[in-house]
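The values are calculated or read from the model by the stated rules, or taken from the named source; none is laboratory data. Because the structure is a prediction, the values reported are computed rather than measured. Positions of Cβ are generated from backbone atoms using ideal geometry, with glycine treated the same way; all protein chains shown enter the neighbour counts. What goes into the accessible areas is simple: the full protein's heavy atoms, side chains included, and nothing from ligands, DNA or RNA. Shrake-Rupley method; radii C 1.70, N 1.55, O 1.52, S 1.80 Å.
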Amino acid sequence: MWKASLFIFLILSGIISGMLFWQWQAYSEHAIALESSEAITQEITVETRLKELKITQKINGLMAHEEYRLVIPDTLFKWKCKNGTGEACDSADENPFTFFSSDDQMIFEYTVPINERNKALLLTNWFVKIPGKKAEGLSITLTDSFKREGSWAAGIRLKARKKLDHIDYYYFEGTGDVPTLYWQQKPLLKKAINNAEVYSEDIQAASLNFQKLNDIGNFPFLTIIFTDQYPEYKDENILIASSRTEAKMLEKDIITLQFQRKFAENTQMWIIDVLTSGLLDMNPISSKGSTALQELQGELTEDQLKAFLMKAIKVNSLNAEKLDKLLSDVKGLNTHFFTMNTKGDAPVVPLYFQKEKKLLVSGAEKASIDLIYRDGKRLLPFAVTMKALGYEVKFLSSEETMLLSKGNNIYRFYLNKNVFIYNEEDYGLLENPLTNQNGTVFMEIQWFKSLFGVSAEDKEGEIQLNSEPG
C-alpha cells in the first residue's frame, strides 16, 4: 500500500514540477519579448543661458523596476536623475551610472557649457544614452532668451518657430537618437527640398537645383546648412557645407550619407564610392571603385545599371550579399561580384554572371555545372566538361598548363599562351580559348566544336554536348 502511495506522490510531484517549470519558462519568454521590443520616446527641453544650456531630458516607455545602465558624456555638468514623480533615482549598485526605474520614466537634468563669444556652435554628444533602447518618438523644445539674434537648427524636422517679446521658441520633432544641434549668430533662412530642410544665409543658396536627388525620389530626412560660420561637417542627420559649394558636389555628399546609413560601420568605402558615383554619373575617387564601376558598366546595359542603382538607394539596409542579390535580380542571372571583392585589398575580381545547368553528353546527365556569362560570351568549366567527355585532366607547372588525354589523343593547353599542342604538334590561335575566373578555368562554348569536334547547345536548364559525325 505504501509503495502505491509513494508512486502516486512521485507522479504528482513530477506533474507539479513540470507545470512550475512551464510557467517559469513562459514568464521568462514573455519578459524577454517585452525587453527586446521595448521602445522609448524622448522629450527634451533646452533653455539658453549666458554661458551654458540648461537641459531636461525625459525618457518615457521604460519598464518599471528595471536596472538601466546610462552613458553620460563628460561634457554634461550638474547632472541629476529623477523618476516620474520627481524623486531621485535609486542607484542599482556601486556603479554610479546604473539606476533602477521606479516607474516608466527617467528624467535627467544637466547643463552643457558654451562659449558666449563663439559665432557658431555644434552640439554632437550632448545627451544621456540608454544603450540598446530604440527611440520611436523624439521632440526638442528650445527656448532662447540669450542668443536671439541667431538661428537654431537640428538633425530632425523643425515643426514650429515663434518669436515672442522676450524669447524665441523652437520645436523640433522626429524619431531615432537625439540629433546634432546647431546655432549660429548670423540668421538662417529655411526651405524644404525633397525630404531635406535646407538652411542658408541667403535665399539663393537655399534654391539650389538638386536634379539627381529629385530623380531618386524621397530619401531619409536630412538637415542641410549652407554657411561660412562653421567648418564643413556631416553625420547621419545633418550636413554643414560652405555657401560656395556646388549643387553636384553637395548631392554627392548627401547620397554618400544615405548609403552610409544603410551599411554597417565596417563597410569598405569603395562600395559606397561605386554606388554614389554610378548614380551621379561621376568618376569614383578610389582606384578599386573606378575598376568596379567599369566592370558594372561593361556587363550591364545602361537601363540595367540604372535599375540596380535605384534599387540600392531605396532599400533600408545593404551589405555585399544584398547587393549581389539586387544585381542578380536585375540581370536575371546569379553573381557574387561584391561578396568576392570584399576580401582585403586584392585586385578587383571581374564581374561575371552564372546559371546552374545540367551537363548532358549524348543525352546522358554527367554533372551539374555553372554556365558563366562574361563579355557577351558563354563559358563552360573546362576541367569538368572535359571529364564528362571522357578525358583525363591534369594540371601541370603550378597549374599554368593543362594536360588532357583520351585514348591516343593528347592535348596540352597553356593558360598564358595562345597555342596548344595536339599529339606533339603545335597549333597557334588568334586568342587564348581558356580564361581563369576566380580560380576556375573556363572555355568559351564555341571552342568545343572547333577543337574537339563536340557541339554544345545551350538549352533551358541544360547544356547538351554531342560529338560531331566524322
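Annotation note: Cβ proximity below 6 Å between a residue of the range 181-193 that is polar (S, T, N, Q) and a residue that is assigned to a strand (DSSP E or B) (sequence gap 6+ or interchain) occurs for Gln184/Ala120. One residue stands out in the range 175-203 among those that are in a strand (DSSP E or B) and open to solvent by 20 Å² or more (accessible area, probe 1.4 Å): the one that is modelled with the lowest pLDDT, namely Ile193. Being in contact (Cβ under 8 Å) with a residue 60 or more places away in the chain, assigned to a strand (DSSP E or B) and either within 26 Å of the chain's Cα centre (by Cα) or over 26 Å from Phe127 (Cα atoms) (or both) is the filter here, so list the residues in the range 150-173 that pass it. Within the range 150-173, Ala154, Arg157 qualify.
It is to be established whether one or more residues within the range 234-246 are within 26 Å of Leu138 (Cα to Cα), open to solvent by 10 Å² or more (accessible area, probe 1.4 Å) and free of Cβ contacts under 8 Å to residues at least 24 places away in the same chain. Yes: one or more hits.
For the range 311-337, a residue qualifies if it is in contact with a strand residue (DSSP E or B) (Cβ under 7 Å, 6 or more places away or on another chain) and open to solvent by 40 Å² or more (accessible area, probe 1.4 Å), and the qualifying residues are Lys331, Asn334.
The residue list Gln304, Gln294 contains one member that is part of a helix (DSSP H, G or I), under 23 Å from Leu371 (Cβ atoms) and polar (S, T, N, Q), which is Gln304. Considering the range 69-81, the residues that are closer than 10 Å to Lys129 by Cα and open to solvent by less than 70 Å² (accessible area, probe 1.4 Å) include one that is nearest to the chain's Cα centre (by Cα), namely Val71. The residues in the range 374-412 that are open to solvent by 50 Å² or more (accessible area, probe 1.4 Å), out of contact with any helix residue (DSSP H, G or I) (no Cβ under 8 Å at 6 or more places or on another chain) and in contact (Cβ under 8 Å) with a residue 40 or more places away in the chain can be counted, and the count is 2. Looking only at the range 96-134, which residues are within 19 Å of Leu76 (Cα to Cα), in contact with a strand residue (DSSP E or B) (Cβ under 7 Å, 6 or more places away or on another chain) and among the acidic types (Asp, Glu)? The answer is Glu109, and nothing else. Pairs meeting the criteria (first residue in the range 83-99 and open to solvent by 60 Å² or more (accessible area, probe 1.4 Å), second residue at pLDDT 80 or above and in a loop (DSSP other than H, G, I, E, B), beta carbons under 7 Å, at least 6 apart or on different chains) are Asp90/Ser102; Phe97/Leu70; Phe97/Ile72. Residue count for the range 439-463 satisfying the condition of being part of a helix (DSSP H, G or I) and open to solvent by 40 Å² or more (accessible area, probe 1.4 Å): 2.
Applying a threshold of 8 Å to beta carbon distances and a minimum spacing of six or more residues, or different chains, the list of pairs starting in the range 343-364 at a residue that is free of Cβ contacts under 8 Å to residues at least 24 places away in the same chain and of a type in the set (S, T, N, Q) and ending at one that is open to solvent by 20 Å² or more (accessible area, probe 1.4 Å) and part of a strand (DSSP E or B) reads Gln354/Asn334; Gln354/Asp370; Gln354/Tyr373.
One residue alone among Ser102, Ser151 is of a type in the set (S, T, N, Q) and more than 29 Å from Leu188 (Cα to Cα), and that residue is Ser102. Output yes when any residue across the range 282-295 is under 21 Å from Lys248 (Cα atoms), of a type in the set (Asp, Glu) and out of contact with any His (no Cβ under 8 Å at 6 or more places or on another chain), and no when none is. No, because not a single residue in the range 282-295 is under 21 Å from Lys248 (Cα atoms), of a type in the set (Asp, Glu) and out of contact with any His (no Cβ under 8 Å at 6 or more places or on another chain). Listed by position, the strands (runs of 3 or more DSSP E) contained in the range 320-397 that have at least 3 residues being of a type in the set (Asp, Glu) form an empty set. Only one entry of Asn436, Asn416, Asn432, Asn466 meets the criterion of being assigned to a loop (DSSP other than H, G, I, E, B) and surrounded by 11 or more Cβ atoms within 10 Å (Cβ to Cβ), and that entry is Asn432.
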